[in-house]
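*Asks:* Handing you a structure now.
The values are calculated or read from the model by the stated rules, or taken from the named source; none is laboratory data. Bear in mind that the values here come from a model prediction, so they are computed numbers and not experimental data. Cβ placement follows ideal geometry from the backbone for every residue including glycine, while neighbour counts extend to all protein chains displayed.
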Amino acid sequence: MITPARLGDVRLVRLARRLGMLTQFSNQLADAVAAAARSVVQVNGGRRPVSGLVYASDVVLTTMRGVGQHEHVPVRRDDGQVVQGDLAGWDPATQLAVLRAPGLGLSPIVRADAEARVGHLALAIARSWSNAVTATAGSAGSPSSIRSIFSKCSRPS
C-alpha cells in the first residue's frame, strides 16, 4: 500500500493529518448535538411548532411565537410523548416565554462553563415540524444579548 509518508510528500502527510482533525472535530460536534437533543422539545401553541429548551426540571424556555395566545400548550418530548405546558411568564422585550410542564421528566440543558465571545463557534439545535432533531453551526455574534436573555431567565428553585 502506498501512503503519503512512503511517497515522501510532506504536503500529503499534513493534509492527511488535517483531514483526521476535521473528522474528529465533526464527530465532536455530532456528539454535542446528540447530548443536547434530549433537552430540546417541540412547543405547539401557534400556527407552527417551535423549539424549546428544558431549562430546569419541568421548565421550558421557548418563544411567544410558539405559545401564541394560549396559556396551555402541548410540549412534545424527543420520544413523542406530549405533556401540557402552562405559561408561567414571558418577557416582552425578548419575546421569550417560560412554561411549566409537570411530568416532562427531561434533564435540563447543560450551559457552557465559559462566556460566549464574538466569533466563538455556536451550535443551534432545534426540533423540526416532524419532531426530528436539526442542527446548524455558525459563529456567535453578540454575547451581550445572550447574557441579557439568560439573566432574565434565572433558574427556578
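*Asks:* Is segment 37-57 home to any residue that is assigned by TED's automatic domain parsing to the domain that holds ALA126, in contact (Cβ under 8 Å) with a residue 24 or more places away in the chain, on the phi > 0 side of the Ramachandran plot and surrounded by fewer than 23 Cβ atoms within 10 Å (Cβ to Cβ)?
*Replies:* No, the conditions are met nowhere in segment 37-57.
*Asks:* In addition: Kindly provide the set of residues from segment 103-130 that are surrounded by 16 or more Cβ atoms within 10 Å (Cβ to Cβ) and either among the acidic types (Asp, Glu) or touching a residue at least 60 places away in the same chain (Cβ under 8 Å) (or both), ordered by number. First the steps, then the outcome.
*Replies:* From segment 103-130, those surrounded by 16 or more Cβ atoms within 10 Å (Cβ to Cβ) are 104, 106, 108-109, 116, 125-127; that's our starting set.
Matches in segment 103-130: LEU104, LEU106, PRO108, ILE109, ILE125, ALA126, ARG127.
*Asks:* Going through segment 41-52 one residue at a time, which ones are assigned to a strand (DSSP E or B) and farther than 18 Å from GLY103 by Cβ? Give the steps one after another, and end with the answer.
*Replies:* If we filter segment 41-52 for residues that are assigned to a strand (DSSP E or B), which is where we start, we get 41-43, 50-52.
Within segment 41-52, VAL50, SER51 qualify.
*Asks:* If you go through segment 53-69 one residue at a time, how many are among the polar types (S, T, N, Q) and assigned to a strand (DSSP E or B)? Break it down stepwise before answering.
*Replies:* Residues of segment 53-69 that are among the polar types (S, T, N, Q), as a first pass: 57, 62-63, 69.
Add one more test, that the residue is assigned to a strand (DSSP E or B), and what stays is 62-63.
Here the count works out to 2.
*Asks:* Something else about it: Regarding ASP79, is this residue modelled with pLDDT under 90, within 30 Å of PHE25 (Cβ to Cβ), in a loop (DSSP other than H, G, I, E, B) and under 19 Å from the mean Cα position of the chain (by Cα)?
*Replies:* Details: modelled with pLDDT under 90: no; within 30 Å of PHE25 (Cβ to Cβ): yes; in a loop (DSSP other than H, G, I, E, B): yes; under 19 Å from the mean Cα position of the chain (by Cα): yes.
For ASP79, the condition - modelled with pLDDT under 90, within 30 Å of PHE25 (Cβ to Cβ), in a loop (DSSP other than H, G, I, E, B) and under 19 Å from the mean Cα position of the chain (by Cα) - is not met.
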